[in-house]
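See below for the structure under consideration.
The values are calculated or read from the model by the stated rules, or taken from the named source; none is laboratory data. Since the structure is predicted, the reported quantities are computational estimates derived from the model, not experimental observations. Cβ placement follows ideal geometry from the backbone for every residue including glycine, while neighbour counts extend to all protein chains displayed. Accessible surface is based on the protein model in full, side chains and every heavy atom, while ligands, DNA and RNA are left aside. Shrake-Rupley method; radii C 1.70, N 1.55, O 1.52, S 1.80 Å.
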Amino acid sequence: MSDPSGCAGSEAALSVAQARAILLSSVAPVAGWESVPLRSALGRVLYRDVVAPFDVPAHDNSAMDGYAVRAADLTGEATRLAVVGTAYAGGAFSGVVGPGQAVRVMTGAVLPRGADSIVVQEAARLDGAAVILPAAQRVGQHVRRAGEDLAAGKPALLAGKRIGPAELGLMASLGYAEVAVRRRPRIAFFSTGDELASIGRPLGPGEVYDSNRYTLFGALTRLGVDILDLGVVRDDPAALEQAFAEAAAQADAILTTGGVSVGEADYVKDIMARQGEVRFWKIDIKPGRPMAFGKLGDAWLFGLPGNPVAVLVSYYQIVLDALVRLQGVDPLPPRPSFRVSCADAIRKLTGRREFPRGVLFQEDGQWRVRLTGNQGSGVLRSMVEANCFIVLPEGGTSVAAGDLVEVQPFEGMV
Ligand code: AMP
Ligand code: MG
């Protein structure tokens with residue numbers, strides 16, 4: 001890869017969409033897979049299609065508690081049928097339902113032979129050993145057909161699907177005790193900066209605690225990758241060189257924070273460039289303008305800015321989907337966004353895609369969004385208090401209170 005940016009003249013700033021497109025077209029799923037017990041597959045990515053070994057449901061069965069009947073019997077206003085047996089869930093009635101007969105059935109019971117429909121118990125009136133049922137029943141009503149959920153031999157889940165609660169349940173319904181999942185990518189990360197102190201010791205003059213390793217720990221752990229935390233690395237070329245070499249030898253991807261802008265102590269980019277094939281980008285994004293992307297040995301490299309909010313914004317808006325692709329998820333899940341009225345005015349110039357942090361709230365039955373106070377790129381509180389990104393596109397200018405804006409909720413239903 002001689003030019004991961006895919007464009008000549010790396011000085012020109014890229015749009016967020018361009019940067020994402022380059023990342024997504026570069027990164028491919030990690031090789032390798034393992035077979036794991038079903039429960040351990042939660043959050044993992046299917047390596048192969050899961051084929052239904054049999055029809056689900058396996059038999060025609062009752063969707064309701066009631067009576068299995070021949071619909072043709074129910075002609076008059078109220079028809080009296082002889083109850084000739086009972087079928088429980090998981091059981092079958094051994095006989096055949098003949099004309100003028102009904103079998104009491106519970107939800108999930110195999111549809112008795114001879115019967116074609118279920119009449120719900122609420123519509124029935126018992127009369128000794130008989131039952132009186134109303135007319136106008138539809139043939140096939142309340143019957144779940146064999147194979148209506150999944151047909152034998154057909155893929156029930158496709159390779160590339162991330163396994164959530166429903167997928168676990170579905171594989172269990174097919175009797176799978178183990179499942180082939182893609183190997184978890186291993187992601188190394190470290191923070192750079194002479195001003196950074198690790199938690200657990202008092203701050204010296206001018207120091208700040210390293211928070212980026214904790215936000216990245218959280219984000220990557222949730223993503224379900226194996227993490228390798230390489231700590232804080234000084235703004236020192238030799239130390240950085242060693243950290244990059246160590247990370248590249250062990251990881252499928254490396255995330256760093258800090259040192260990619262144009263300050264005197266921003267060595268990270270020089271070292272990346274010397275050790276690997278890396279491009280530096282200016283991205284038309286706020287917060288998070290500088291970023292590096294490329295390869296060191298076999299490892300993908302993502303050099304994020306240092307400011308704590310810029311780290312999270314670049315991670316979610318640019319890097320995350322590339323890591324999801326590395327995990328083998330295909331197709332990438334859509335990221336839902338919708339438009340709501342903004343309660344606050346937001347100042348903006350054209351040219352950059354901005355991601356102020358917002359709080360979605362309900363007012364008079366309508367969803368609206370407001371800003372979380374100070375939007376400085378070092379103000380982590382703006383993320384903590386937020387439940388969404390507000391997305392202000394490149395072409396847009398300032399937002400007036402009451403304007404519609406696009407929002408991306410932080411949390412999906414999982
Ligand atoms: P840099 O991109 O290295 O110039 O860093 C930009 C700003 O982010 C500086 O104010 C840093 O102190 C701050 N910063 C960088 N890395 C971290 C970190 N790991 N934790 C907290 N703040 C950081
Ligand atoms: Mg720095």
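Against the conditions (1) over 15 Å from Ser341 (Cβ atoms); (2) open to solvent by less than 50 Å² (accessible area, probe 1.4 Å); (3) touching a Leu at 6+ places or on another chain (Cβ under 8 Å), where does Ile390 fall short? Just the number, please.
(1)
Going by what's in this entry, would Asn374 be described as surrounded by fewer than 18 Cβ atoms within 10 Å (Cβ to Cβ) and within 16 Å of ligand 1 (Cβ to nearest atom)?
For Asn374, the condition - surrounded by fewer than 18 Cβ atoms within 10 Å (Cβ to Cβ) and within 16 Å of ligand 1 (Cβ to nearest atom) - is met.
Can you find a residue that is in a helix (DSSP H, G or I) and not polar (S, T, N, Q) anywhere in the stretch 155-165?
yes
Quick check on the stretch 152-160. Is at least one of its residues open to solvent by less than 80 Å² (accessible area, probe 1.4 Å), small (Gly, Ala, Ser) and free of Cβ contacts under 8 Å to residues at least 12 places away in the same chain? So that I can check it myself, show each step before the final result.
Here is the first cut: in the stretch 152-160, the residues open to solvent by less than 80 Å² (accessible area, probe 1.4 Å) are 152-153, 155-157, 159-160.
Adding the requirement that they be small (Gly, Ala, Ser) leaves 152-153, 156, 159-160.
Filter once more, so that each one left must be free of Cβ contacts under 8 Å to residues at least 12 places away in the same chain: none.
Scanning the stretch 152-160, I find no residue that is open to solvent by less than 80 Å² (accessible area, probe 1.4 Å), small (Gly, Ala, Ser) and free of Cβ contacts under 8 Å to residues at least 12 places away in the same chain, so the answer is no.
On the given criteria, is Ser382 among the hydroxyl-bearing types (Ser, Thr, Tyr), under 13 Å from Val313 (Cα atoms) and either assigned by TED's automatic domain parsing to the domain that holds Asp210 or within 16 Å of ligand 2 (Cβ to nearest atom) (or both)?
So Ser382 does not fit the description; no.
How many of the residues in the stretch 201-229 are assigned to a loop (DSSP other than H, G, I, E, B) and either near ligand 1 (Cβ under 10 Å from one of its atoms) or in contact with a strand residue (DSSP E or B) (Cβ under 9 Å, 6 or more places away or on another chain) (or both)?
Adding up the residues that qualify gives 8.
What tally of residues in the stretch 230-257 results from selecting those that are part of a loop (DSSP other than H, G, I, E, B) and either within 11 Å of ligand 2 (Cβ to nearest atom) or not assigned by TED's automatic domain parsing to the domain that holds Val319 (or both)?
To start, the set of residues in the stretch 230-257 that are part of a loop (DSSP other than H, G, I, E, B) comprises 234-236, 251-252.
Among the residues that remain, those that are also either within 11 Å of ligand 2 (Cβ to nearest atom) or not assigned by TED's automatic domain parsing to the domain that holds Val319 (or both) are: 234-235.
Summing the residues that are part of a loop (DSSP other than H, G, I, E, B) and either within 11 Å of ligand 2 (Cβ to nearest atom) or not assigned by TED's automatic domain parsing to the domain that holds Val319 (or both) in the stretch 230-257 gives 2.
Taking the criterion of being assigned to a loop (DSSP other than H, G, I, E, B), over 26 Å from Glu246 (Cα atoms) and away from ligand 1 (no atom under 16 Å from the Cβ), would at least one residue in the stretch 180-200 satisfy it?
No; the residues of the stretch 180-200 include none that is assigned to a loop (DSSP other than H, G, I, E, B), over 26 Å from Glu246 (Cα atoms) and away from ligand 1 (no atom under 16 Å from the Cβ).
Is it the case that the stretch 258-271 has a residue that's in a helix (DSSP H, G or I), open to solvent by 50 Å² or more (accessible area, probe 1.4 Å) and acidic (Asp, Glu)?
Taking every residue of the stretch 258-271 in turn, at least one turns out to be in a helix (DSSP H, G or I), open to solvent by 50 Å² or more (accessible area, probe 1.4 Å) and acidic (Asp, Glu).
Please tell me if Ile187 is touching a residue at least 40 places away in the same chain (Cβ under 8 Å), at negative phi, buried (at least 20 other Cβ atoms within 10 Å of the Cβ) and assigned by TED's automatic domain parsing to the domain that holds Ala249.
Yes.
I need the full set of residues from the stretch 272-299 which are more than 16 Å from ligand 2 (Cβ to nearest atom), open to solvent by less than 30 Å² (accessible area, probe 1.4 Å) and part of a strand (DSSP E or B), in order please.
Pass one, the stretch 272-299, residues more than 16 Å from ligand 2 (Cβ to nearest atom): 273-279, 281-286, 293-299.
From what's left, open to solvent by less than 30 Å² (accessible area, probe 1.4 Å): 276, 278, 281, 283, 285, 293-294, 296, 299.
Correct list: Val278, Trp281, Ile283, Ile285, Phe293, Gly294, Leu296, Ala299.
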